1. Pick from the stretch 116-133 the residues that are among the aliphatic types (A, V, I, L, M) and out of contact with any Gly (no Cβ under 9 Å at 6 or more places or on another chain): which of them is modelled with the lowest pLDDT?
2. Filtering the stretch 156-177 down to residues that are under 21 Å from Glu123 (Cα atoms) and assigned to a helix (DSSP H, G or I), which residue is farthest from the chain's Cα centre (by Cα)?
3. What do you reckon, is Leu248 open to solvent by 100 Å² or more (accessible area, probe 1.4 Å), modelled with pLDDT of 90 or more, over 30 Å from Arg70 (Cβ atoms) and out of contact with any strand residue (DSSP E or B) (no Cβ under 8 Å at 6 or more places or on another chain)?
4. Go through the stretch 30-70 and give me each residue that's closer than 21 Å to Leu122 by Cα, under 15 Å from the mean Cα position of the chain (by Cα) and among the aliphatic types (A, V, I, L, M).
5. Does at least one position in the stretch 128-135 carry a residue that is part of a loop (DSSP other than H, G, I, E, B) and over 22 Å from the mean Cα position of the chain (by Cα)?
6. Give the residue, chosen from Ser140, Ser149, that is surrounded by 24 or more Cβ atoms within 10 Å (Cβ to Cβ), over 15 Å from Phe59 (Cα atoms) and touching a residue at least 24 places away in the same chain (Cβ under 8 Å).
7. Go through (1) out of contact with any Pro (no Cβ under 7 Å at 6 or more places or on another chain); (2) within 17 Å of Asp180 (Cα to Cα) one by one and return the number of the condition Pro67 breaks.
8. So, Lys31, is that one part of a helix (DSSP H, G or I), under 25 Å from Ala224 (Cα atoms) and of a type in the set (Lys, Arg) or not?
Amino acid sequence: MSLTSADFPDFFGAVYGHDKAPFPWQTRLAKRVCERGWPKAIALPTAAGKTACIDIAVFSLACRARPCPRRVFFVVDRRIVVDQAFLHARGLAKKLANPDSAILRQVANALVELGGDEEHPLEAYALRGGIYRETAWARSPIQPIVVTSTVDQVGSRLLFRGYGVTDSMKPVHAGLVGNDALILLDEAHCSKPFHQTVEAVQRFRTWADESVEPTPFQFVSITATPAADVPEEEIERDQDEDRQHPVLGARFSAEKPAMLVVAEKAQKSKWRGELVKELARQARQLMGQSLGGSDDGARHAVRAVGIVVNRVATARDLAAE
């Protein structure tokens, strides 16, 4: 029995627990991808569960949706998000390597038929700076894989370059990224040059001989603010059922208060010490404050505060403070 888009909720539940149903937009997108292909843009706010696009891409590949790229590149210009998405993809790959339900076995078998290793129907890799260079992702052109990576790593390979890639392997990496590939660009509004580059590559690929069917190459921008020239029918947006969902709706409507505090002494000093002191003072004030409320009206105290700074030295001094 072949897989269809109607099987996606069962697949999602088998991977993440049967009490974890996909959000409405995830189910809609899976149906769209399996039946019509990917939209050009996915316009959803932060915390909507957009990393699940990886699950949808793998499931649609198992469904033999056309086009169905074997290689999925989840690209974002934030290393920490690359690592988070990699853990997500690796968890999915482990589930498919050891399927414990009928739907997972069906998806795993479909990936093996497409060229996946029997022991590893799906493989997952992280490709970014600051870690040991990974080359195993390029060993086979038919192995279904998910690569989470940064803009510069994927973009350089697409243009026959690549950090640490030998001259003999540059065409191989370019061929693997530029053919039979799906590029999901998260936070696309922060990566305009990469967005423009991939679109140019898409146009270039259409110049081939029309008698030759090109390999699949799809590009999807994931951003809350899609470009103005993207047709509305090519944008997947949240709908009323998403905003009314008990979990997703609460995320959409959550309060996000902001306050501007000027560290006067830090402005006049060339040292970061005054800034560190002010940040620490603000963090201590936040600790223990009441924030948010539940359905019964109870408010909860802040138990953790995260502080984001733009210098490693500042972060270290702040941790010590």
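1. Ile131
2. Ranking the candidates gives Val172 first.
3. No; evaluated as a whole, the condition is false for this residue.
4. Ala52, Ile54, Ile56, Ala57, Val58
5. No: zero hits.
6. Among Ser140, Ser149, only Ser149 is surrounded by 24 or more Cβ atoms within 10 Å (Cβ to Cβ), over 15 Å from Phe59 (Cα atoms) and touching a residue at least 24 places away in the same chain (Cβ under 8 Å).
7. (1)
8. yes
The values are calculated or read from the model by the stated rules, or taken from the named source; none is laboratory data. Nothing here was measured: the structure is a model prediction, and the numbers come from that model. Note: ideal-geometry Cβ built from the backbone for every residue, glycine included; neighbour counts use all protein chains shown. Accessible surface is based on the protein model in full, side chains and every heavy atom, while ligands, DNA and RNA are left aside. Shrake-Rupley method; radii C 1.70, N 1.55, O 1.52, S 1.80 Å.
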